[in-house]
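First comes the structure, then the notes that go with it.
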Amino acid sequence: MARHIVARTSDIPPGGNKVVGVEGRDIVVFHVNGEFFALLNRCPHAGAPLEKAACVARLTSPEPGVYQRSRVGELLRCAWHGWEFDMRNGQSYFDPKRVKIRSYPVAVESGEELQKGPYVAETFPVHVEDSYVIIET
């Protein structure tokens, strides 16, 4: 699997997101509770952009009138029709066996670590002859 540097961590504020183009796909990266999650920016129901989805909490009720919130901000509610998905793995809550959003692994690395590679730029020998710069290919 190829790796793509898509943003600085400071480009995506806490609670925010950023849409990036990777290999012809729009991928939305969310910054939630100090973690980053990447999902295909398209709801499988009707194609709504998930960048517009609400980040919500998991709400459970052990008994009538008692509610508990957990995983605050880690669930997405589609802006068009309210379908909900788990940001960690793209799993839907309404039909978890059949419907999910494509999720992508995310890593955060320092610029110093990235500079070490394995990225290798293509280089060409360069010679200066008189007043002209010539590149050999």
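The values are calculated or read from the model by the stated rules, or taken from the named source; none is laboratory data. What you see is a predicted model, and the numbers here were worked out from it, not measured in a lab. Neighbour counts run over all protein chains shown; Cβ positions are idealised from the backbone, glycine included. Side chains are part of the model used for accessible areas, which takes the heavy atoms of the whole protein and leaves out ligands, DNA and RNA. Shrake-Rupley method; radii C 1.70, N 1.55, O 1.52, S 1.80 Å.
Note on the chain: Kirkwood hydrodynamic radius from all Cα pairs is 17.7 Å, rounded to one decimal.
Placing +1 on the Cβ of every Lys and Arg and -1 on the Cβ of every Asp and Glu, with no other charges, gives region 20-93 a dipole of roughly 100 debye about its Cα centre. Taking label positions 7 Å along the Cα-Cβ direction at both Phe94 and Asn33, the computed distance is 2.4 nm, reported to one decimal.
Accessible-area rank, largest first, for Asp86, Asp26: Asp26, Asp86, with all protein chains present and a 1.4 angstrom probe.
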